[in-house]
Amino acid sequence: MTTPKTSPEVGGMGHSIKRKEDPRFIRGKGTYVDDVVLPGMLYLDIVRSPHAHAKIVKIDTAKAMAVPGVLAVITGADLAKYNLHWMPTLMSDTQMVLPVEKVMYQAQEVAAVLATTRYAAADGAAAVEVDYDPLPAVVSPQKALEPGAPVLRTDKKDKKDNHIWHWEWGDRAATDRAFSEAEVTVREQIYIPRIHVASIETCGCVAYFDKVNDKLTVWMTTQAPHAIRTVFALVAGHVGLAEHKIRIISPDIGGGFGGKVPVYPGYVIAVAASVLTGKPVKWIEDRMENLQADSFARDYHITAELAAKKDGTLTALRIKTLADHGYTDAAANPSKFPAGLFHVCTGSYDLKAAHVEVDGAYTNKPPGGIAYRCSFRVTEAVHTIERMVDIMAHQLGQDPAEFRKKNFIKPEQFPYKSALGWEYDSGNYAGALDKAMQTIGYAELKREQAEKRQRGELMGIGISSFTEIVGAGPSKHFDILGLKMFDSCEIRVHPTGKAIARFGTKSQGQGHETTYAQILAEELGIPAKDIQIEEGDTDTAPYGLGTYASRSTPVAGAAAAVAARKIVDKARRLAAYLLEVAPEDLVYEPGKFSVKGAPNRSKTIQDCAFAAYTNHPQGMEAGLEAVSYYDPPNLTYPFGSYICVVDIDKGTGEVKVRRFVAIDDCGNIINPMIVQGQVHGGLTMGLAPALLEEISYDEHGNVQGGSFIDYLLPTAVETPKWETGHTITPSPHHPIGAKGIGESATVGAPAAIANAVVDALWHLGVRHVDIPITPPKVWKLLREKGVTE
Ligand code: CDP
């Protein structure tokens, strides 16, 4: 769809209307959790462990209790009285709320201080004296799995090692056969390090248990309010918190990116403190707590092999991965897939055989495995296949663009069943790559590179032709803690033709208030400005699984269209009544029904809405409302081709991204301006792990990268000028032909940058560089290769 169907005044799909939410944001009038202030509110601060692994010998609260304003110090022993010291993780593992016996990572919650002001709570936390008996820390997942490694999860009575699970997918025998018959194979060790979403707003909540009405309301930074309500009810039902007495409100959210899906101990402690005191309790993390203790992403140690014929036809992919999950598996993955959707790792290529194995390991680190702006491990999958394809192309001496085109799944092969079982809905991969090559001037760049190489200059061109997999999900395969993954939209059209629509998702800055209104405007012909969109309040919104993994458009966006079509059906019957014709004698264009052959005889959707409340036919229910709980038949598969040009400074090892062209395809576009914004932000969040960001640990489990001094976010200075464009290949099964876009750029960008760097260095014998590709790392390589002194 290239030309909008509706007028700019209606503002349906394809119009770059301004974001409806921005007037409140740019005036500083958003309501974030920390803006919620209730009378008599108390404050919580948390005591955190300096050790990565230690027994708790004693917690002395006397000095803390003497701090003016401190009301209580809550410990694991206090919570244990109510059996609330452990809680389930989203992957059905268990996680401490507060420890009773030992701590498992540096910065873990040890105790919480409740006070009348935030400062008193912080002073109280500093005054809590904890006696620790340090234990040896297990930091590397490889060492964690060695025989004789200290067993970390001593709380699990039968656990004899640190192995969490083994998971494999694909046809092992066929893959092994393809490798034994292969003419060329390449193999690489790829580490994708721990990173953190580092959203502008940290996590926090205000919990208020109203003892009179027996009702718990929690304003919290969550991407999935309904699922959280259910989990709270399941975990705390035994202390009287029933689901209808719990209201989760997710107000404005300052960035989530997957980091606001899990339940963190602070939320639970705040709820417990409010239930006990009957007062509102606020807990807001500071920046370092957020970086050091909240869930992390990636941390995959991958061994990948790719097989091909000499002519460059790819034949098979084999991957073994070790996943570092920290001390508990708290990944926000669908239950059936402990390694998320990593098995979309055959990417955009027509590979006949593939096999993937992943093992999870416990270490003395915070829980990992959140889907940082990606659909459950898709970034790891894309990085692996895009690096491997590039290595193979270079190994065979073939141009990486032509090599990709030779192996792409062709447009006529869709719907395409991958060797690992996914059914790709639609795609035109060569179309996107051709457009990227034309935009960047690929042939000319190749000539420039050859000349520069003659002069000893280091210039690289990197491509990433990725396929995403978003829109979890078909409920037959996807659930979280047993909750099936669907999503919802409920529409109420008021008598005067204005409307309100509520959704089970929750925007964290993506612009849902605008784009959902545009989908409804497209279907109903009611101007987008006349449709109010609400999400995030479990007392009012229909049940849904929330926003992450770019699922809002594929799932709730589809629910919007389906619910709107139900409204149109009823409006048709109302129009037929008003015009005294049969419903099938009416022609519908968005917003208007007219009589076939008599276009002057017509009724608008607003006329129908008024009639629904003032003049509806006898026998028909009054009102104009509809709801849809949409269970998608399949996921959607957005894709794109990115080309990056880098120059490497031989003196410093600095990688400069000179140009970056991103061609994305997310099917039919709802709002081009918002899509471009999503791609710009996503590209910057892709540049970040490629060149800057990493959280690592020393051998004692001390975190390196726990503050913005050494966890380097890209600023405007490091961010290049992104050149964006798109192709449009609609999803055949989505009601409006749309696919997700929120995460494509974060998923696709790192491989383009890494491929460009290796391309610049390949002639020196460099085959792979792990991200982040920092100046010291490159400088060291250049020294090893004798390029610099
Ligand atoms: O789930 P999340 O909102 O993070 O991701 P998404 O569904 O990919 O949507 C991100 C933003 O881009 C939303 O405001 C969408 O409505 C918008 N979008 C669009 O305008 N056209 C598309 N084809 C896909 C998304």
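Kindly state, as a whole number, the per residue volume in cubic angstrom of the convex hull around the alpha carbon atoms of the stretch 80-162.
146
Per residue, what accessible area does the stretch 350-413 have, given a 1.4 Å probe and all protein chains present, in Å²?
I get 21 Å² per residue for the stretch 350-413.
Regarding the stretch 632-768, what is the average projected area of its C-alpha convex hull, in nm²?
11.5
Specify which residue in the list Cys205, Ala361, Leu764 is farthest towards the positive end of the charge dipole of the chain, using unit charges on the beta carbon of Lys, Arg (+1) and Asp, Glu (-1), about the Cα centre.
Cys205
How long is the gain from Arg153 to Met673 if the chain were fully straight, where each residue apart is worth 0.36 nm and the alpha carbon distance is subtracted?
Details: separation 520, 0.36 × 520 = 187.20 nm, distance 4.86 nm.
Gain on stretching Arg153 to Met673: 182.3 nm.
May I ask you to work out the translational diffusion coefficient for the stretch 570-645 at 37 °C, viscosity 0.692 mPa s, via Stokes-Einstein with Rh from the Kirkwood sum over Cα pairs, reported in whole µm²/s? The partial results should precede the final answer.
On the way: Rh = 15.0 Å.
The diffusion coefficient I find is 219 µm²/s.
No solvent, one uniform scatterer per C-alpha: report log10 I(q)/I(0) for the stretch 153-264 via the Debye equation at q = 0.10, 0.16, 0.18 1/Å, two decimals.
Results for the stretch 153-264 at q = 0.10, 0.16, 0.18 Å⁻¹ read -0.59, -0.93, -1.01.
Leaving out same-chain residues fewer than 8 places away, which aspartates and glutamates sit with a Cα under 17 Å from that of Lys592?
Glu9, Glu522, Glu523, Asp530, Asp569, Glu580, Glu584, Asp607
Once you have all Cα-Cα distances for the stretch 56-205, histogram them in 10 Å bins from zero and send the whole-percent values.
8, 24, 28, 20, 10, 6, 3, 0
Between Glu168 and Glu423, what is the FRET efficiency for a Förster distance of 35 Å, r being their Cβ-Cβ separation, to the nearest 0.05?
0.95
Once the Cα atoms of the stretch 729-776 are picked out, what are the Rg and Dmax in Å?
In order Rg, Dmax, the Cα atoms of the stretch 729-776 give 16.9, 51 Å.
Any of Lys58/Lys282; Lys446/Lys656; Lys63/Lys282 with alpha carbons more than 24 Å apart? Name them for me. Don't skip to the answer; put the middle values down first.
Details: Lys58/Lys282 27 Å; Lys446/Lys656 17 Å; Lys63/Lys282 22 Å.
Cα-Cα > 24 Å for Lys58/Lys282; rest within.
Could you calculate the contour length gain from Glu129 to Glu188, that is, 0.36 nm times the residue separation minus the distance between their Cα atoms, to one decimal place in nm?
Full extension from Glu129 to Glu188 adds 16.4 nm.
Report the FRET efficiency, 1/(1 + (r/R0)^6), for Tyr119 and Lys58, where r is their Cβ-Cβ distance and R0 is 25 Å, rounded to 0.05.
Numbers: r = 26 Å, r/R0 = 1.05.
That gives a FRET efficiency of 0.45.
Quickly estimate the mean residue ellipticity at 222 nm for the chain, helices only: each DSSP H run with n ≥ 4 gives -39500 (n - 2.57), and the total goes over all residues, rounded to 500.
-8500 deg cm²/dmol
Under 10 °C and 1.306 mPa s, how fast does the stretch 450-601 diffuse according to Stokes-Einstein, given a Kirkwood radius computed over C-alpha pairs? Answer in µm²/s, whole number.
My calculation gives 87 µm²/s for D.
Order 714-726, 257-269 from most to least packed using the mean count of other Cβ atoms within 10 Å.
On the way: 714-726: 14.3, 257-269: 25.2.
Per-residue Cβ counts within 10 Å, averaged per peptide and sorted highest first, yield 257-269, 714-726.
Thinking of the chain as a set of Cα atoms, what percent of all their pairs are more than 38 Å apart?
42
In nm, to one decimal, how far is the modelled label at Asn615 from the one at Gln532, with both set 7 Å along Cα→Cβ?
2.7
List the lysines whose alpha-carbon lies under 17 Å from that of Lys29, not counting same-chain residues fewer than 8 positions away?
List returned: Lys20.
For the stretch 531-575, with every protein chain kept in place, what is the accessible area per residue (1.4 Å probe, Å²)? Mind dumping the intermediate values first?
Details: 1080 Å² over 45 residues.
Each residue of the stretch 531-575 exposes 24 Å² on average to a 1.4 Å probe.
Glu9 label point, 7 Å along Cα→Cβ, cut-off 20 Å on backbone N: hits in the stretch 514-534?
517-532
Hey, which aspartates and glutamates would be in cross-link range of Lys506, C-alpha to C-alpha under 12 Å, not counting anything within fewer than 8 residues on its own chain?
Asp252, Asp487, Glu534, Glu535, Asp537
Of all accessible surface on the stretch 647-789 at a 1.4 Å probe, what whole percent is carbon and sulfur?
Reported share for carbon and sulfur atoms: 56 percent.
How many nm separate the modelled label positions at Lys446 and Glu402, each set 7 Å beyond the Cα in the direction of the Cβ?
In this crude label model, Lys446 to Glu402 measures out at 0.6 nm.
Return the FRET efficiency for the residue pair Arg287, Met65: r is the Cβ-Cβ distance, R0 is 35 Å, and the value is rounded to the nearest 0.05.
For Arg287 and Met65, the calculated efficiency is 0.80.
To the nearest 20 debye, what charge dipole does the chain have about its Cα centre, counting +1 at the Cβ of each Lys and Arg and -1 at the Cβ of each Asp and Glu?
Computed about the Cα centre, the dipole is about 740 debye.
The values are calculated or read from the model by the stated rules, or taken from the named source; none is laboratory data. Worth saying up front: this structure is predicted, and the values here are computed from it rather than measured. No Cβ is skipped: glycine too gets one built from the backbone with ideal geometry, and neighbour counts run over all protein chains shown. When the accessible area is computed, the model is the full protein with side chains, heavy atoms only, and any ligands, DNA or RNA have been set aside. Shrake-Rupley method; radii C 1.70, N 1.55, O 1.52, S 1.80 Å.
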